[in-house]
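Colleague: One structure coming up, written as structure tokens, with questions to follow.
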Amino acid sequence: MALAAGTLLTAGGAPAAAQAGDSVPGERLAARRWFSDAKFGLFVHWGVYSQLGAGEWVMHNRKIGVADYEWLATTFNPTKFDAAAWVALAQRAGVRYITITSRHHDGFSMFKTAQTPYNIVDWTPFRRDPLRELADACHAAGIKLFFYYSQLDWHHPDYWPRGRTAWDNGRPDRGDWSHYVAFMNSQLAELLTRYGDVGGIWFDGMWDKPDAPWQLDSTYGLIHRLQPAALVVPNHHQRPRPGEDVQTFEQDLPGANSAGFNTSYVSGDVPLETSLTMNGSWGFNITDKDFKSVRTLVGYLVRAAGNGANLLLNVGPRPDGTISPEFTARLDSLGAWLNANGTAIYGTRAGPVPPRSWGATTRRGDTVFVHVLDWPDPLLPLPPLGARVRSAYQLRGRGAVPDVETAAGVTLALPPASADEPDRVIVVVTGGNAAPNRRGR
Ligand code: JFZ
């Protein structure tokens, strides 16, 4: 049946049922499918705050006044910044997209903007636009670039009335909120018209003034008009709203709410993402050496995928533009693991068995990937997989994995665990599409 031009399609390609207030054009549905296939992204928190080596909230935490922070910004000069080197690292790591802070809560723009001289090109001796250089390198490498954009602003005088994180930092006790919203929309228009194809905008900071008139419809409409395939990724820790394309969970697997500030609600309609620090800091923190092991990071990547979610893993580059060896070593190790096991991650969806203490499952069509992260027994009992098992084998080495299947499920005889393998991946070929788990998409 020929579909009328402009028919809205579901993620599976069928005509989309009308969703109240949120009809999604086919090109954005395709972008959502791409996002769900991508599975692994690199988060980059980098800005003037990196100079103090105490994380990206240092302006707030140390109550630095606007005038003093503006002086600090005049000294920012990341002369060793090399976009090609960052992208090469991202490629080695196996990430499919990069999300970088274009403007964090400190209000300093890490890109050339006509809306304010308070930007890296006009305000600092660096004079270059690192986002321009990174966009060019990403496009050349086939890596999508997303821009983190903070709605919260500790610098702009029109961010008034102040929000939850306000302190007396020298701004006037007045301002025009509509001017601030127009300022944000003008900057977003610059990011969406001057840097080529943009994967999307990763919003953050609405939580500072949750009841403010953010005029999201006009902002989201602007984004989708300028780049129809650009995704809106809001870090508001709430249920997705019309116009939003991804539900992202900060420092959490979907629904876990272990961080205490995410919603436990998990959308069944939009792609999912977990954002995660490698240590305990988003921005460069010179004393934070509490880095997660590669085994733990592989576990997060696997458990995110088992929830049908991406992992957006963070680095906080140093003020000179280099990335610390603790970050680069882990990214290289993750890339090596993905070189050997990536087929069980990329392009998959949540498997028929929701994540368990022992691990998780992912699926692609008739194939179920059983990720055994932590299981001491030689036998692993699984519930029914939604289709009969035709064969089972180890992803690495292709060695057969004996299985016994009954109406109660299938038991796998596992290969022995090894210290250097964080995830024993068992490929289970079934006789028909493996039914998704409660959140399969
Ligand atoms: C936010 C930012 O504040 C942070 O700097 C980083 O960019 C992260 C990815 O996103 O983190 C938050 C935001 C709000 C809360 C906690 C962490 N909150 O409301 O508890």
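Colleague: Of all residues in region 113-151, which are free of Cβ contacts under 8 Å to residues at least 40 places away in the same chain and either crowded, with 17+ Cβ neighbours inside 10 Å or not small (Gly, Ala, Ser) (or both)?
Modeller: Passing the criteria: PRO117, ASN119, VAL121, ASP122, ARG127, ASP129.
Colleague: When you go through ALA84, ALA67, ALA38, ALA31 one by one, which is the residue that is small (Gly, Ala, Ser), in contact (Cβ under 8 Å) with a residue 40 or more places away in the chain and touching a helix residue (DSSP H, G or I) at 6+ places or on another chain (Cβ under 8 Å)?
Modeller: Numbers: ALA67 fails: touching a helix residue (DSSP H, G or I) at 6+ places or on another chain (Cβ under 8 Å); ALA38 fails: touching a helix residue (DSSP H, G or I) at 6+ places or on another chain (Cβ under 8 Å); ALA31 fails: touching a helix residue (DSSP H, G or I) at 6+ places or on another chain (Cβ under 8 Å).
ALA84 is the lone residue from the list that is small (Gly, Ala, Ser), in contact (Cβ under 8 Å) with a residue 40 or more places away in the chain and touching a helix residue (DSSP H, G or I) at 6+ places or on another chain (Cβ under 8 Å).
Colleague: Related question: Taking region 378-398, which residues are closer than 14 Å to VAL353 by Cα and part of a loop (DSSP other than H, G, I, E, B)?
Modeller: Answer for region 378-398, where residues must be closer than 14 Å to VAL353 by Cα and part of a loop (DSSP other than H, G, I, E, B): PRO383, PRO384, LEU385, GLY386, ALA387.
Colleague: While we're looking at this one, here's another question. Of all the residues that make up region 221-240, how many are free of Cβ contacts under 8 Å to residues at least 60 places away in the same chain and in a loop (DSSP other than H, G, I, E, B)? It would help to see each step written out before you state the result.
Modeller: Looking only at region 221-240, we keep the residues that are free of Cβ contacts under 8 Å to residues at least 60 places away in the same chain, and these are 221-223, 225-227, 232, 234-240.
With the extra rule that they be in a loop (DSSP other than H, G, I, E, B), the set shrinks to 227, 235-240.
Final tally of qualifying residues: 7.
Colleague: Then there is this: Filter region 174-203 for residues that are of a type in the set (Gly, Ala, Ser) and in a helix (DSSP H, G or I) and give the result.
Modeller: First, the residues of region 174-203 that are of a type in the set (Gly, Ala, Ser): 175, 178, 182, 186, 189, 196, 199-200.
Listed by number, the residues that qualify are SER178, ALA182, SER186, ALA189.
Colleague: Of the residues in region 238-263, how many are within 11 Å of the ligand (Cβ to nearest atom) and surrounded by fewer than 20 Cβ atoms within 10 Å (Cβ to Cβ)? Outline the logic, then answer.
Modeller: Here is the first cut: in region 238-263, the residues within 11 Å of the ligand (Cβ to nearest atom) are 238, 248-252, 259-262.
Right, trim to surrounded by fewer than 20 Cβ atoms within 10 Å (Cβ to Cβ) and you get 238, 250-251, 259-261.
Final tally of qualifying residues: 6.
Colleague: From the residues in region 264-288 that are away from the ligand (no atom under 16 Å from the Cβ) and touching a helix residue (DSSP H, G or I) at 6+ places or on another chain (Cβ under 7 Å), which one is nearest to ILE345 (Cα to Cα)?
Modeller: Ranking the candidates gives PRO271 first.
Colleague: Scan GLY359, GLY342 and give me the residue that is in contact (Cβ under 8 Å) with a residue 12 or more places away in the chain, more than 17 Å from SER391 (Cα to Cα) and within 21 Å of the chain's Cα centre (by Cα). Spell out the reasoning first.
Modeller: Working: GLY359 fails: within 21 Å of the chain's Cα centre (by Cα).
The match here is GLY342.
Colleague: OK, next. Filter region 312-350 for residues that are among the β-branched types (Val, Ile, Thr), more than 22 Å from TYR49 (Cβ to Cβ) and touching a Gly at 6+ places or on another chain (Cβ under 9 Å) and give the result. Let's see the steps before the verdict.
Modeller: Our first condition is that a residue be among the β-branched types (Val, Ile, Thr); within region 312-350, this holds for 315, 322-323, 328, 343, 345, 348.
Pick out the ones that are also more than 22 Å from TYR49 (Cβ to Cβ) and you get 343, 345, 348.
If the condition is that a residue be among the β-branched types (Val, Ile, Thr), more than 22 Å from TYR49 (Cβ to Cβ) and touching a Gly at 6+ places or on another chain (Cβ under 9 Å), then ILE345, THR348 are the ones that fit.
Colleague: Only one of (1) over 26 Å from GLY335 (Cβ atoms); (2) more than 16 Å from the ligand (Cβ to nearest atom); (3) not in a helix (DSSP H, G or I) fails for GLY107. Which number is that?
Modeller: (2)
Colleague: Out of the residues in region 179-226 meeting the condition of being surrounded by fewer than 21 Cβ atoms within 10 Å (Cβ to Cβ) and polar (S, T, N, Q), tell me which one is nearest to the ligand (Cβ to nearest atom).
Modeller: THR219
Colleague: Looking at the structure I just gave you, is THR322 in contact with a helix residue (DSSP H, G or I) (Cβ under 9 Å, 6 or more places away or on another chain) and within 12 Å of the ligand (Cβ to nearest atom)? Quick ask: steps written out before the conclusion?
Modeller: Details: in contact with a helix residue (DSSP H, G or I) (Cβ under 9 Å, 6 or more places away or on another chain): yes; within 12 Å of the ligand (Cβ to nearest atom): no.
Against the criterion (in contact with a helix residue (DSSP H, G or I) (Cβ under 9 Å, 6 or more places away or on another chain) and within 12 Å of the ligand (Cβ to nearest atom)), THR322 does not qualify.
Colleague: Which of the residues that make up region 261-306 are in a loop (DSSP other than H, G, I, E, B) and among the aliphatic types (A, V, I, L, M)?
Modeller: First, pick out the residues of region 261-306 that are in a loop (DSSP other than H, G, I, E, B): 261-271, 278-284, 286-293.
VAL266, VAL270, MET278, ILE286 - these are the residues of region 261-306 that are in a loop (DSSP other than H, G, I, E, B) and among the aliphatic types (A, V, I, L, M).
Colleague: Also, quick follow-up: Tally time: how many residues in region 24-58 are in contact with a Gly (Cβ under 8 Å, 6 or more places away or on another chain), within 14 Å of the ligand (Cβ to nearest atom) and part of a helix (DSSP H, G or I)?
Modeller: Counting residues in region 24-58 that are in contact with a Gly (Cβ under 8 Å, 6 or more places away or on another chain), within 14 Å of the ligand (Cβ to nearest atom) and part of a helix (DSSP H, G or I) gives 3.
Laboratory data are not the source of any read-out in this text; all were calculated from the coordinates shown. Since the structure is predicted, the reported quantities are computational estimates derived from the model, not experimental observations. Positions of Cβ are generated from backbone atoms using ideal geometry, with glycine treated the same way; all protein chains shown enter the neighbour counts.
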